[in-house]
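Accompanying notes for the structure given below.
The values are calculated or read from the model by the stated rules, or taken from the named source; none is laboratory data. Remember, predicted model here, so these are calculated numbers, not experimental data. Glycine gets a Cβ as well: all are built from the backbone with ideal geometry, and neighbour counts include every protein chain shown. Heads up: the accessible areas ignore ligands, DNA and RNA and are worked out on the full protein's heavy atoms, side chains in. Shrake-Rupley method; radii C 1.70, N 1.55, O 1.52, S 1.80 Å.
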Amino acid sequence: MVRSQLVCGLKNIQMATWNHWQTKLFENALAIYDKDTPDRWQNIAKATGMTVDEVMRRYQLLIQDVEQIESGKVPLPKYKTTGSKSFYQ
């Protein structure tokens, strides 16, 4: 197994410890408490019920995922179509 596959696997394990509700709370808290908010990470931790270290780690993983997607290293999903038109048309 190559190192990048191992790292990606570990990231998936870490990400899996958050349930859907916590993820939504995290995303909402990021929108509310931007980078200029004093005590940003403490506020996000309180909003999600996680620790400051956990939300900061989650944020770093999110940044890495976005960088991977934007650099083209993660293929875009193939969405199902209905009939002859694309779902998004």
Practice problem: Calculate what fraction, in whole %, of the accessible area of segment 24-69 sits on carbon and sulfur atoms when a 1.4 Å probe is rolled over the protein chains. | Solution: 50
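On average, how much accessible surface per residue is there in segment 24-69, in Å², for a 1.4 Å probe, leaving out ligands, DNA and RNA?
Computed with neighbouring chains in place, this is 65 Å² per residue.
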Quiz item: Could the peptides 44-50, 70-76 be put in order, highest first, of the mean number of other beta-carbon atoms found within 10 Å of their residues?
Solution: 44-50, 70-76
